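The values are calculated or read from the model by the stated rules, or taken from the named source; none is laboratory data. A quick note: this is a predicted structure, and the numbers were derived from the prediction, not measured. With ideal geometry, Cβ positions are generated from the backbone for all residues, glycine too; neighbour counts draw on all protein chains shown.
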Amino acid sequence: LVRMTPERGDEGMALNDSRKCLSCGTWMYRLKDGLTWDLFKALALGQCMSAMICGTAVTSQYLATDLHMDTPMLQSFISYSLLCLTYTAALIFRRGDGNILQILKTKWWKYFLLGLTDVEANYAVVKAYQYTTLTSIQLLDCFVIPALMVLSWFILKTRYRPTHYVAVCVCLAGVGAMVGADLLSGRNQGNTADILLGDALVLVSATLYAISNVCQEYTVKNLSRGEFLGMLGLFGTLISGVQLGHFFPRYERNCPSALLLAGFGLCMYGMYSCMPVVVKMTSATAANLSLLTADLFSLFFGLFLFQYSFSGLYIVSLVTILVGFVTFNAVPTLTLPPPPSSDATRFDEGAFRPSSKLQEDGRAENPCSPQGGDTEQSTHWNHERF
């Protein structure tokens, strides 16, 4: 049993406030209190990232179909090099503990593993297109969402509410509608040379992406966005450069290929630059939910560029995914801190706190406040076990 007693403030006012209560140790959070300006900014940035991923898909398709260029590692090398030229260079001119030399002295092997994970995740998903169908890739790539939630549960101590699981199911239903539209329209489903190998590559890629994104969320929320992107650019460039040197592509150098490669690199650079911002505002899981619309952007562009046939299910899919994303972020997750060293039979409100950008001072927000923040006479609660 749990008994709630106010630590300070007017007890009568706190108990009579019907808009705020506790149930099973969590806030009964009202949906409309989570619909904030920050949420819509995250939604807009997420759709910008989806558009950038669409740009990488369009340029890659032109490179593969029109110019017959199979250069996934070269494309990755270009995007990592752009990160290295900007964010890694910025770390060089930093002073103090944020300097690149200080970071490399203590954490070089961690960022090396992060860079290796990210590079191979990109390579595996591009390679999968040679062996399996587009439908399999679209469906299996969603495995990154449950993988992220499991890793966040154990590594980041994130605790989800039932609303979050429902929101994820809604987003996945939107992906199902998109795949159904592809099947009904008879869209080209890709190769079937070795479906099992291709499907395995997609699952490996999704798992590696989940690991990379969890590391990204920890870094940008506890260290800095610049450090994450600088180290990823450095080690991503080195690792992809080594692999590129071993499997150097042979193709005709011309102006169209250079422009398409530059377009791919700029789109990936923009996506990598925006991703930490969205992750810090929401979470890695939420950021990946917003990216589920990337295939829809590719389809809309394909209507004009590749003469794809249109289906009303595409609109249904887009709306469904966006509704799921908003629902997921409107209710904050809970973060479980390390076990206290004091009396284990007592714990205060810090045992569960909303994991969102809105609680920058570490205290849970008061959902009853018109601003969504702390009120002048806030009430703090202790939970006493007996």
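Of the conditions (1) touching a Leu at 6+ places or on another chain (Cβ under 9 Å); (2) β-branched (V, I, T); (3) at pLDDT below 90, I195 fails just one. Which one is it?
(1)
Cβ contacts < 6 Å: first residue part of a helix (DSSP H, G or I), restricted to the range 51-77; second residue β-branched (V, I, T), any location; separation 6+ or different chain. Result?
P72/V126
Considering only residues that are of a type in the set (K, R) and either in contact with a helix residue (DSSP H, G or I) (Cβ under 7 Å, 6 or more places away or on another chain) or in a helix (DSSP H, G or I) (or both), which ones fall in the range 95-118? It would help to see each step written out before you state the result.
Going residue by residue through the range 95-118, those that are of a type in the set (K, R) are 95, 105, 107, 110.
Listed by number, the residues that qualify are K105, K107, K110.
Do we find a residue being closer than 18 Å to M49 by Cα and β-branched (V, I, T) anywhere in the range 295-316?
No, the conditions are met nowhere in the range 295-316.
For the range 71-110, give me the residue count where each residue is among the hydrophobic types (A, V, I, L, M, F, W, C), at pLDDT 90 or above and under 19 Å from L260 (Cβ atoms).
The number of residues fulfilling the criteria is 3.
Would you please name the residue that is surrounded by the fewest Cβ atoms within 10 Å (Cβ to Cβ), looking only at residues in the range 135-173 that are in a helix (DSSP H, G or I) and of a type in the set (F, W, Y)?
Of the range 135-173, the ones in a helix (DSSP H, G or I) are 135-155, 162-173.
Subsequent filtering for residues that are of a type in the set (F, W, Y) retains 143, 153-154, 165.
Values: F143: 17, W153: 13, F154: 9, Y165: 13.
So the residue we want is F154.
Tell me, please, whether a residue that is among the aliphatic types (A, V, I, L, M), under 16 Å from the mean Cα position of the chain (by Cα) and in a helix (DSSP H, G or I) can be found in the range 185-195. First the steps, then the outcome.
First pass over the range 185-195, keeping only residues among the aliphatic types (A, V, I, L, M): 193, 195.
Checking the rest, the ones that are also under 16 Å from the mean Cα position of the chain (by Cα) come to none.
No.
Which of the helices (runs of 4 or more DSSP H) contained wholly in the range 219-327 include at least 1 residues that are free of Cβ contacts under 8 Å to residues at least 40 places away in the same chain and closer than 24 Å to L85 by Cα? Lay out the reasoning, then the answer.
Values: elements: 225-246, 255-281, 284-290, 294-305.
Fully inside the range 219-327 and qualifying: 225-246, 255-281.
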